[in-house]
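Okay, so here's the structure we're looking at.
No value in this document is a laboratory result; all are computed from the given coordinates. The shown structure was predicted, so the numbers you read here are calculated from the model rather than taken from an experiment. Every residue, glycine among them, receives a Cβ derived from its backbone with ideal geometry; neighbour counts consider all protein chains shown.
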Amino acid sequence: MTYRHLELTCPVCGYKIDSASYAGAPDRDNHVPPVDDDQSVCLACSSINVFTLRGTALRLPTADERAEFARNPEIQRVVQALITAKDRSDSWPRAK
Ligand SMILES: [Zn+2]
């Protein structure tokens, strides 16, 4: 369920991200790397970022993308699950 990729930096908090899980996309082949415009939810700060530069970097979403993410129940489910898990854990990853 997890794809390991080059270490990327969360543009919001600076946390180093080296993997992606295709939550909400059960048919996605986990051996295929993320592509541009795929979303990434940061484990440390729960921000939603977007893959760019052929999946080798993360960028902040545009205003339109942020609005789209806010309306997407699958994305909101993932974000809420991460926030809940983070709140219950004493050893959750933190931004560097
Ligand atoms: Zn972050």
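GLY55: net charge of surrounding residues, Cβ under 11 Å, Lys/Arg +1, Asp/Glu -1, itself excluded?
Around GLY55, the charge tally is -2.
Residues with amide H under 5 Å of SER21's amide H, sequence separation 5 or more or different chain, H placed in the peptide plane at 1.01 Å from N; which?
Result for SER21 returns TYR3.
Specify whether the C-alpha gyration tensor of the chain places it in the rounded, prolate or oblate class, a ≥ b ≥ c being the square roots of the eigenvalues: rounded for a/c under 1.5, otherwise prolate if a/b is larger than b/c and oblate if not. Numbers along the way, then the final one.
Details: a/c = 1.23, a/b = 1.13, b/c = 1.08.
Note, shape of the chain comes out rounded.
So, R0 is 25 Å and r is the distance between the beta-carbons of ASP87 and CYS13; what FRET efficiency does that work out to, to 0.05?
Result of the calculation: an efficiency of 0.90.
Would you mind classifying the stretch 38-86 by shape? Square roots of the alpha carbon gyration tensor eigenvalues, ordered a ≥ b ≥ c; an a/c under 1.5 is rounded, otherwise it is prolate if a/b is larger than b/c and oblate if not.
In terms of gyration-tensor shape, oblate.
Given the peptides 5-16, 82-93, 66-77, 39-50, arrange them by the average over their residues of other C-beta atoms within 10 Å, most packed first.
Listed from highest to lowest mean packing, they are 39-50, 5-16, 66-77, 82-93.
Pairs of alpha-carbon atoms within less than 8 angstrom and 6+ residues apart define the contacts here; what relative contact order does the stretch 2-88 have, in percent?
24 percent
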